[in-house]
1. Using alpha-carbon positions, what is the distance between the centroids of region B:31-63 and region A:50-114, in Å?
2. Give the shape of chain A as rounded, prolate or oblate, defined through the alpha-carbon gyration tensor: a ≥ b ≥ c are the square roots of its eigenvalues, a/c under 1.5 means rounded, and otherwise the shape is prolate if a/b is larger than b/c and oblate if not.
3. With both partners inside the protein assembly as shown, how many of the DSSP beta bridges are antiparallel, as a percent to the nearest 5?
4. A:Lys52: net charge of surrounding residues, Cβ under 12 Å, Lys/Arg +1, Asp/Glu -1, itself excluded?
5. Just tell me how shielded B:43-50 is by partners: mean number of partner chain Cβ atoms within 10 Å of each residue's Cβ, no decimals.
6. Quick one: if you stick a label point 7 Å off each Cα along the C-beta vector at B:Lys80 and B:Gln2, how many nm between them?
7. What number, in percent, do you get for the relative contact order of region B:16-58 if the mean sequence gap of Cα pairs under 8 Å and at least 6 apart is divided by its residue count?
8. Averaging sequence separations of C-alpha pairs under 8 Å and six or more residues apart, then dividing by the length of region A:61-114, give the relative contact order as a whole percent.
Amino acid sequence: GNSVTQMEGPVTLSEEAFLTINCTYTATGYPSLFWYVQYPGEGLQLLLKATKADDKGSNKGFEATYRKETTSFHLEKGSVQVSDSAVYFCALSPNNNAGNMLTFGGGTRLMVKP
Amino acid sequence: SQTIHQWPATLVQPVGSPLSLECTVEGTSNPNLYWYRQAAGRGLQLLFYSVGIGQISSEVPQNLSASRPQDRQFILSSKKLLLSDSGFYLCAWSRESNQPQHFGDGTRLSIL
């Protein structure tokens, strides 16, 4: 079956540090890949997505590149802010017609210190 | 634009009591609808999904049930809550296959 593996948190960084949150996946075919962000006490928000190999998703300074050869979709940001403190979820969606079933990773908590 | 509403935002219930959480979507028709549970400090678990009125698929056998009485309404229910039902419940919708899911703000359920 499909699965998503994320690095365990929490990840603690100082403001303006470089961020990488690793995500690797197992899936048949060519899934779409997503990063979601969950701020404290809120639901999940779509942060960025990529639908095919070598696509780069980007939003709010965050980037992730769909690497089929390494089955990875690592999230990066060049300079984090305190407001980026949240839980980040990597997810995949298989490209089939059986509904849109997301498989989530376990989430990685990011804490940014001023 | 599309919006998704969940209520209540917070709920405290005694063990053995019934449950009804409601989720509605506006601004779209025939969405796929989903219920997830997030236990404290853990990832998301898909509970139910629906691709149309009256069509419910259960991912995990449990004490909960779901119904979709209208196109844009998705209800999560239980006849008798257990302590293990505590958690953060999230409703989501998507337009169709391969489209991202959009989440509500969640309901925090505490069972006493």
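We did not get these values from a lab; they are worked out from the coordinates using the rules stated. Being a predicted model, the structure only gives us computed values, none of them experimental. In this analysis, Cβ positions are derived from the backbone assuming ideal geometry, glycine residues included, and neighbour counts consider all displayed protein chains.
1. Computed from Cα coordinates, the inter-centre distance equals 22 Å.
2. prolate
3. 90 percent
4. The answer is +2.
5. The shielding value for this peptide is 4.
6. 3.8 nm
7. Over region B:16-58, the number comes to 29 percent.
8. In percent, rounded to a whole number, it is 32.
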